[in-house]
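For reference, the structure discussed in these notes is given below.
The values are calculated or read from the model by the stated rules, or taken from the named source; none is laboratory data. Since the structure is predicted, the reported quantities are computational estimates derived from the model, not experimental observations. We place every Cβ from the backbone using ideal geometry, glycine too, and count neighbours over all the protein chains shown.
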Ligand code: ZN
Ligand code: ZN
């Protein structure tokens, strides 16, 4: 097995420990063998050495909420305008782009099937390790129903991109859950409330009955999986928690009671502030209709307050981007935005350690510790002083390692 040592780095291991100055990380095969403090005198003989002097070593970033198959700003329109082949080709480009930004793992929150996970795992295409949910499960008129209020055709199912399905009733959602599980997804995703980018609902609404949500959770748990729910309002959060849903996506409209409920349930919150910021300022340029921008602004207005309430309540807070189409290049901005509320270390740990917990990979991912997979990034500068480093990723991320393999090394 090849041994490689990254020496003289400032190591932020994201366990919650203080940064380690002048430390070394020894990588053997695909895993971290050792983390050494002080001068690298104890390096294994024959190790290839990469001197990281003056730079900061971090665990590979994890994006807890992506739509890797989102290729345009409008997630329903793109499905009408693109052949499946084009959606797949553009998804492949999104995967490479995510890895280029230092995200060595992502959790897809709707659209990507397990084939993309397989293609990355087999090394067919560069991309982050993937955790997928396949098609999103949505009710008629729900957040994944792309029909305008004036349209009466049946919902159309798609095979790629931001694929979703419309299912009503306990039997139908049960079948939908079983079908995704049959295909080998890692988790399930339901729309438990209205959404900003959908054409026929409002963001403060709740969607699905308790019976339907419970049926999805029951099927997921039977198969050892969990369920993520798109929610903004307290009502949709409450229904989700009562049904046993493990992760609340967005949560922008939550009150103190909602935050406390998430904490008491031991569920995760996945804020996705950057997508509201970007859609609010750039959405019109990408053709997003006014009705959607109006709802985006409603969600943005409460986004920071919701995060602060969750932080005060002691909720386990993750980090997601939820960026659509061409805006996916701004993934790293979420860290800066969450740092405004959680502080820089809080935002870093959300995007590493807590996101690893979210995808049930604490034993493999999320921190720089012996025994874990060697997913590492090296950045020029100190993210604790400047969280915008991740936005200038082409220049400022000098090394990206995934499972011990060097994807990028500009140290020469
Ligand atoms: Zn959502
Ligand atoms: Zn989403």
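Counting only residues that are closer than 24 Å to residue 278 by Cβ and within 16 Å of ligand 2 (Cβ to nearest atom), how many does the range 200-209 have? The qualifying residues number 2. Every listed requirement among (1) within 22 Å of the chain's Cα centre (by Cα); (2) assigned to a loop (DSSP other than H, G, I, E, B) is met by residue 154 save one, (1).
Yes/no per residue for (1) without any contact (Cβ under 8 Å) to a residue 12 or more places away in the chain; (2) out of contact with any strand residue (DSSP E or B) (no Cβ under 6 Å at 6 or more places or on another chain); (3) within 27 Å of residue 120 (Cβ to Cβ):
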{"site": "2", "(1), (2), (3)": "no, yes, yes"}
{"site": "36", "(1), (2), (3)": "no, no, no"}
{"site": "45", "(1), (2), (3)": "yes, yes, no"}
{"site": "52", "(1), (2), (3)": "no, no, yes"}
{"site": "59", "(1), (2), (3)": "no, yes, yes"}
{"site": "62", "(1), (2), (3)": "no, no, yes"}
{"site": "74", "(1), (2), (3)": "no, yes, yes"}
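To keep it simple, each residue is scored yes or no on (1) away from ligand 1 (no atom under 15 Å from the Cβ); (2) surrounded by fewer than 22 Cβ atoms within 10 Å (Cβ to Cβ); (3) within 24 Å of residue 216 (Cβ to Cβ).
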site: 242; (1), (2), (3): yes, yes, yes
site: 245; (1), (2), (3): no, no, yes
site: 249; (1), (2), (3): no, no, yes
site: 254; (1), (2), (3): no, no, yes
site: 282; (1), (2), (3): yes, yes, no
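Considered as a group, the residues in the range 229-249 that are in contact (Cβ under 8 Å) with a residue 60 or more places away in the chain and touching a helix residue (DSSP H, G or I) at 6+ places or on another chain (Cβ under 9 Å) include one that is farthest from residue 215 (Cα to Cα), and that residue is 232. Assess whether residue 391 counts as being out of contact with any strand residue (DSSP E or B) (no Cβ under 6 Å at 6 or more places or on another chain), modelled with pLDDT of 95 or more and part of a loop (DSSP other than H, G, I, E, B). Here the answer is no, as residue 391 does not meet what is asked. For the range 88-98, the set of residues classified as over 14 Å from residue 324 (Cβ atoms) and buried (at least 23 other Cβ atoms within 10 Å of the Cβ) consists of 95 only. I'd like to know if the range 241-257 contains one or more residues that are within 15 Å of ligand 2 (Cβ to nearest atom) and over 19 Å from residue 356 (Cα atoms). Within the range 241-257, one or more residues are within 15 Å of ligand 2 (Cβ to nearest atom) and over 19 Å from residue 356 (Cα atoms).
Per-residue answers, yes or no, for (1) in contact (Cβ under 8 Å) with a residue 60 or more places away in the chain; (2) closer than 18 Å to residue 233 by Cα; (3) within 16 Å of ligand 2 (Cβ to nearest atom):
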| residue | (1), (2), (3) |
| --- | --- |
| 277 | yes, no, yes |
| 297 | no, yes, no |
| 334 | yes, no, yes |
| 347 | no, no, no |
| 366 | yes, no, no |
| 372 | yes, no, no |
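Against the criterion of being touching a helix residue (DSSP H, G or I) at 6+ places or on another chain (Cβ under 9 Å) and free of Cβ contacts under 8 Å to residues at least 12 places away in the same chain, residue 95 does not qualify. Go through (1) outside any loop (DSSP other than H, G, I, E, B); (2) surrounded by 22 or more Cβ atoms within 10 Å (Cβ to Cβ); (3) touching a helix residue (DSSP H, G or I) at 6+ places or on another chain (Cβ under 9 Å) and name the single condition residue 356 misses. Of the numbered conditions (1) outside any loop (DSSP other than H, G, I, E, B); (2) surrounded by 22 or more Cβ atoms within 10 Å (Cβ to Cβ); (3) touching a helix residue (DSSP H, G or I) at 6+ places or on another chain (Cβ under 9 Å), the odd one out for residue 356 is (3).
This table checks each residue for (1) more than 16 Å from ligand 2 (Cβ to nearest atom); (2) more than 22 Å from residue 197 (Cβ to Cβ); (3) surrounded by 22 or more Cβ atoms within 10 Å (Cβ to Cβ).
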site: 211; (1), (2), (3): yes, yes, no
site: 220; (1), (2), (3): yes, yes, yes
site: 229; (1), (2), (3): no, no, yes
site: 238; (1), (2), (3): yes, yes, no
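The selection criterion, being buried (at least 24 other Cβ atoms within 10 Å of the Cβ) and assigned to a loop (DSSP other than H, G, I, E, B), does not hold for residue 262.
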